[in-house]
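Working notes for the structure below.
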Ligand code: SF4
Ligand code: SF4
């Protein structure tokens with residue numbers, strides 16, 4: 001399948017769709033290395049697609065190159081990111097760049113973020129501009145970590161959050177706009193988010209409870225912070241017309257109350273919320289390394305390798321991109337004798353895997369990634 005799709009791409013057949021399909025196949029079947037082998041010596045085919053006239057083809061090509069993590073792709077993706085005039089494609093280049101060791105581009109990434117921060121936010125550019133800034137911020141925070149906010153003076157520009165009683169949000173927003181007409185504000189569940197040119201007006205507002213400074217990398221948090229993650233999950237399920245009954249496991253009174261709040265006055269997800277969730281899902285899915293379902297048909301392994309256990313740690317490691325997130329699972333829960341390094345490559349498991357995963361190759365990569373800890 002993967003060979004067929006790649007040949008069609010090389011022949012210029014349904015390129016945009018096939019790029020998308022091939023991404024899905026390597027994600028589901030863990031065949032990244034197989035595709036990398038097929039591509040060897042033909043990398044320019046993908047690089048050339050970054051100059052395609054079709055913006056979605058450029059976008060899919062960049063994402064696939066990011067999935068493949070071939071270091072020779074990084075420079076062309078960065079170049080394409082800089083040159084592409086279509087703003088909606090930009091964040092895909094940045095998603096792809098996040099899969100490489102992009103440290104040499106850190107200065108350029110910071111400069112780009114600083115330049116975007118000066119751009120005027122309009123109704124037309126807001127969505128994609130914010131998305132691009134969010135991705136740039138994530139790239140910076142991923143390498144440098146978050147940093148505490150420093151107060152740098154009353155006359156400086158800030159991204160802030162004014163916490164207030166939900167019923168006072170509009171009042172706070174209106175007062176702010178009167179006192180600081182250049183502010184860009186957004187009403188959120190717990191208050192008002194704003195980008196302001198100074199802080200001198202703050203004493204004139206009496207209805208806010210707390211002023212928070214937005215930490216870099218968090219400034220474009222898009223979901224309503226007043227609502228729980230579970231409420232979004234349940235509203236997503238309840239927004240599908242074919243769902244008749246929703247089951248939710250609850251273990252605390254707080255969870256019961258939260259669920260009741262969600263359903264007493266149920267509102268389906270808006271298109272905007274649905275799109276935001278889709279974007280988050282796409283981002284997380286793109287990080288999963290193989291489609292191991294944990295079915296355990298491959299077990300037991302004659303060499304004692306806990307195959308699904310290794311893949312679970314590996315996928316979580318890449319999904320959350322932090323070693324701390326899997327440290328306990330990798331160092332304590334998964335015994336040394338169960339680790340990927342013990343695989344003797346007999347192939348028994350691959351014949352049994354319903355997902356047709358390249359288990360042996362993937363296990364080599366698991367051990368390498370967790371040993372090297374690129375996301376330490
Ligand atoms: S190939 Fe490796 S993981 Fe699979 S059964 Fe053989 S030893 Fe176990
Ligand atoms: S059979 Fe395949 S999908 Fe199932 S646990 Fe093993 S590796 Fe994962």
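The values are calculated or read from the model by the stated rules, or taken from the named source; none is laboratory data. Not measured: the values here are computed from a predicted model. Methodologically, a virtual Cβ is constructed for each residue, glycine included, from the backbone with ideal geometry; neighbour enumeration extends over all protein chains shown.
Could you identify the single residue in 257, 272 that is more than 16 Å from ligand 2 (Cβ to nearest atom) and closer than 29 Å to residue 318 by Cβ?
Values: 257 fails: closer than 29 Å to residue 318 by Cβ.
After ruling out the rest, the residue left standing is 272.
I'd like the full set of residues that are at pLDDT below 90 and under 12 Å from residue 47 (Cα atoms), limited to region 67-93. If the condition is that a residue be at pLDDT below 90 and under 12 Å from residue 47 (Cα atoms), then 70 is the only one that fits.
Note on region 321-333: residues that are surrounded by 12 or more Cβ atoms within 10 Å (Cβ to Cβ) and either within 22 Å of residue 286 (Cβ to Cβ) or within 25 Å of the chain's Cα centre (by Cα) (or both) total 8.
Among the criteria (1) under 30 Å from residue 44 (Cβ atoms); (2) surrounded by fewer than 20 Cβ atoms within 10 Å (Cβ to Cβ); (3) under 19 Å from the mean Cα position of the chain (by Cα), the one residue 141 does not fulfil is (1). Scanning region 334-347 for residues being surrounded by 18 or more Cβ atoms within 10 Å (Cβ to Cβ) and within 13 Å of residue 309 (Cα to Cα) gives a total of 3.
Scanning region 261-288 for residues that are more than 11 Å from the chain's Cα centre (by Cα), at pLDDT 80 or above and in a helix (DSSP H, G or I) yields 261, 262, 263, 264, 273, 274.
Considering each of 315, 310 in turn, give the residue that is at pLDDT 95 or above, surrounded by 14 or more Cβ atoms within 10 Å (Cβ to Cβ) and either near ligand 2 (Cβ under 10 Å from one of its atoms) or within 23 Å of the chain's Cα centre (by Cα) (or both).
Details: 315 fails: at pLDDT 95 or above.
Just a single option satisfies the conditions, and that option is 310.
The residues of region 21-48 that are part of a helix (DSSP H, G or I) and over 16 Å from residue 289 (Cα atoms), listed by number, are 37, 38, 39, 43, 44, 45, 46, 47, 48. Restricting region 295-320 to residues that are near ligand 1 (Cβ under 9 Å from one of its atoms) and not in a loop (DSSP other than H, G, I, E, B), the residue that is nearest to residue 281 (Cα to Cα) is 310. Residue-level analysis places residue 281 among those that are out of contact with any helix residue (DSSP H, G or I) (no Cβ under 9 Å at 6 or more places or on another chain) and closer than 27 Å to residue 234 by Cβ. Does residue 350 qualify as being under 22 Å from residue 2 (Cβ atoms) and either loosely packed, with under 15 Cβ neighbours inside 10 Å or within 16 Å of ligand 2 (Cβ to nearest atom) (or both)? So residue 350 fits the description; yes.
Assess whether residue 331 counts as being at negative phi and away from ligand 2 (no atom under 15 Å from the Cβ). In short, yes. Only one of the numbered conditions (1) surrounded by 16 or more Cβ atoms within 10 Å (Cβ to Cβ); (2) more than 21 Å from the chain's Cα centre (by Cα); (3) outside any helix (DSSP H, G or I) is not met by residue 16, and that is (3). Applying the criterion of at least 3 residues that are more than 11 Å from ligand 1 (Cβ to nearest atom) and modelled with pLDDT under 95 to the helices (runs of 4 or more DSSP H) found wholly in region 321-376 leaves 323-328, 359-372.
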